[in-house]
Number of protein chains: 2
Amino acid sequence: MNRFGMNVKFTAQPGQRDALADILLGAADALAGVEDCELYVVHVSETEADVIWVTEVWRSSEAHAASLSLEETKAAIQRAMPLIAGVESTKLKPIGGKGL
Amino acid sequence: MNRFGMNVKFTAQPGQRDALADILLGAADALAGVEDCELYVVHVSETEADVIWVTEVWRSSEAHAASLSLEETKAAIQRAMPLIAGVESTKLKPIGGKGL
């Protein structure tokens, strides 16, 4: 298996962190039935008030790419865009551990 | 529940990434029976040759702190120290998502 992972740092517009977090949690719910998505964990930063981190792990980069064409994903991105001031992604190759 | 999370970036000494990754995967195995540890996922970076990322999620910061006093954890840290050139941790507050 050639897993694909990402650490994504979202910076919300001022005062919009919780609204953005709700959308990301909704996106996670929508992925419940998507087997190729192993992790989509939403965190808020303990040190930066407007920052949300998402840890994603997918069975493959193709599975991740395919998810971006799902209607629910596209709708979530539409709703989220106005609330986002910045996005930084770190690509990862998950190799194992507890929770996969 | 007041979960505690961390994104930890380990920079290995040159040529020691895989040896360090093995120790971290061993640490993850040792946490299999520790219920308060929900995630301990080991990734290698897709862009930085000496970098390993660990995503940790714990039921509480107290549970995380207590794990540092486990004999297996202390032994793993001892083995890992000579292989580590740098460590950067980002504290997170996991709020939900797929995989928790």
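The values are calculated or read from the model by the stated rules, or taken from the named source; none is laboratory data. Everything numeric here is computed off the predicted structure, so don't read it as measured data. Here Cβ is always computed from backbone atoms with ideal geometry, including for glycine, and neighbour counts include all displayed protein chains. Quick note on the areas: whole protein, heavy atoms, side chains included, nothing else; ligands and nucleic acids left out. Shrake-Rupley method; radii C 1.70, N 1.55, O 1.52, S 1.80 Å.
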Residue in the range A:56-86 that is modelled with the highest pLDDT, counting only those that are touching a helix residue (DSSP H, G or I) at 6+ places or on another chain (Cβ under 8 Å), part of a helix (DSSP H, G or I) and not hydrophobic (A, V, I, L, M, F, W, C): A:Arg79
Some residue of the range A:17-34 being at the interface with another protein chain (Cβ under 8 Å from one of its Cβ atoms) and within 20 Å of B:Tyr40 (Cα to Cα): yes
Could you run through the range B:1-23 and say how many residues are within 11 Å of the chain's Cα centre (by Cα) and open to solvent by 10 Å² or more (accessible area, probe 1.4 Å)? 4
Taking the range A:37-49 and the residues there that are crowded, with 16+ Cβ neighbours inside 10 Å and either more than 7 Å from chain B (Cβ to nearest Cβ) or not hydrophobic (A, V, I, L, M, F, W, C) (or both), the one that is farthest from A:Glu62 (Cα to Cα) would be A:Ser45
Given (1) within 22 Å of A:Thr90 (Cβ to Cβ); (2) outside any helix (DSSP H, G or I), index of the condition B:Ala32 fails: (1)
Within the range A:68-100, considering residues that are farther than 16 Å from A:Val8 by Cα and polar (S, T, N, Q), the one most open to solvent (accessible area, probe 1.4 Å): A:Gln78
Return yes or no: is A:Ser89 within 22 Å of A:Leu20 (Cα to Cα) and in a loop (DSSP other than H, G, I, E, B)? no
Looking at the structure I just gave you, is A:Lys98 of a type in the set (Lys, Arg) and away from chain B (no Cβ under 13 Å)? no
Which condition from (1) in contact (Cβ under 8 Å) with a residue 40 or more places away in the chain; (2) crowded, with 20+ Cβ neighbours inside 10 Å; (3) farther than 19 Å from B:Tyr40 by Cβ is the one that A:Val54 breaks? (3)
Among the residues of the range A:87-95, is there at least one that is more than 9 Å from chain B (Cβ to nearest Cβ) and in contact with a helix residue (DSSP H, G or I) (Cβ under 7 Å, 6 or more places away or on another chain)? no
Which condition does A:Val8 not pass, out of (1) within 8 Å of chain B (Cβ to nearest Cβ); (2) closer than 15 Å to B:Pro94 by Cβ, if it passes all the others? (1)
